[in-house]
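To start, the structure under review is shown below, and the notes come after it.
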Amino acid sequence: MRLFVAVNIPEDIKEKISDMQSRLKKALCDVNWAVADKFHLTLKFLGEVEEEVLPSASECIAKSVSGFGKFRITFSGAGAFPCNEKPKVVWAGINEGKKELERLAANIENGLEKLGYKKENRSYSAHLTLGRVRSFQNISALSKKIITLEGFESGGFTVESADLMQSLLRPEGPEYKCLRSNSI
């Protein structure tokens, strides 16, 4: 089973972020855009997990987030990794709640390390992936669009859970299924 831990985003916020993504699409670049109804904030990617390990991994995640406390996040602006001038990943930024997301991801990372899951080499960077650049066709137009959206407000919501998700890879794109929702 292909698994990850995520914060799922309410539909009304997905719509606002989708509006920002639509503005970026007008640059007509070669980008594999994320599908708006599948927007989520990945906290930890576990990869392929054997079904018999699922109960212990699920319980570990639940313990790692239990008692963390609800918090609010707001989305603001757009950007790119490694930089706006040479984007590889285009993202929506997180304004309020960024530190809390980073701490929540660290709790999960530390908990799963005890089960033998390898820690990431780089630190967690709170963002919502909007798309992945496939080629540099019209890249300067995309860079300019990203800059114009730096102050774009996409709204916010209260994070109440960290969800264990299964990613089912399909020819038409991934399908996500929540296996366990863990209250924070």
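The values are calculated or read from the model by the stated rules, or taken from the named source; none is laboratory data. Keep in mind the model is a prediction, meaning the values are calculated, not measured. For neighbour counting, all protein chains shown are included, and Cβ atoms are generated from backbone atoms with ideal geometry for every residue, glycine included.
Quick look at the numbers
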{"read-out": "Enumeration of residues in region 112-133 that are in contact with a strand residue (DSSP E or B) (Cβ under 6 Å, 6 or more places away or on another chain) and assigned to a loop (DSSP other than H, G, I, E, B)", "value": "126, 127"}
{"read-out": "Test: residue in region 168-181 that is more than 23 Å from residue 11 (Cα to Cα), touching a residue at least 40 places away in the same chain (Cβ under 8 Å) and not hydroxyl-bearing (Ser, Thr, Tyr)", "value": "no"}
{"read-out": "Residue check, residue 183 surrounded by fewer than 16 Cβ atoms within 10 Å (Cβ to Cβ), closer than 20 Å to residue 97 by Cα, among the polar types (S, T, N, Q) and over 16 Å from the mean Cα position of the chain (by Cα)", "value": "yes"}
{"read-out": "Within region 71-95, considering residues that are basic (Lys, Arg) and at pLDDT 95 or above, the one nearest to residue 25 (Cα to Cα)", "value": "88"}
{"read-out": "Members of region 72-111 that are hydrophobic (A, V, I, L, M, F, W, C), surrounded by 15 or more Cβ atoms within 10 Å (Cβ to Cβ) and either assigned to a helix (DSSP H, G or I) or more than 15 Å from the chain's Cα centre (by Cα) (or both)", "value": "101, 104, 105, 106, 108"}
{"read-out": "Sole residue being in contact with a Leu (Cβ under 9 Å, 6 or more places away or on another chain), modelled with pLDDT under 95 and not small (Gly, Ala, Ser), chosen from 149, 112", "value": "149"}
{"read-out": "Condition broken by residue 60, with the remaining ones in (1) surrounded by 15 or more Cβ atoms within 10 Å (Cβ to Cβ); (2) assigned to a strand (DSSP E or B) satisfied", "value": "(2)"}
{"read-out": "Flag if residue 15 is surrounded by fewer than 16 Cβ atoms within 10 Å (Cβ to Cβ), closer than 21 Å to residue 176 by Cα and out of contact with any helix residue (DSSP H, G or I) (no Cβ under 9 Å at 6 or more places or on another chain)", "value": "no"}
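Residues are listed down the side, and each one gets a yes or a no for (1) in contact with a Lys or Arg (Cβ under 8 Å, 6 or more places away or on another chain); (2) among the basic types (Lys, Arg):
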residue	(1), (2)
119	no, yes
133	yes, no
140	no, no
163	yes, no
175	no, no
180	no, yes
183	no, no
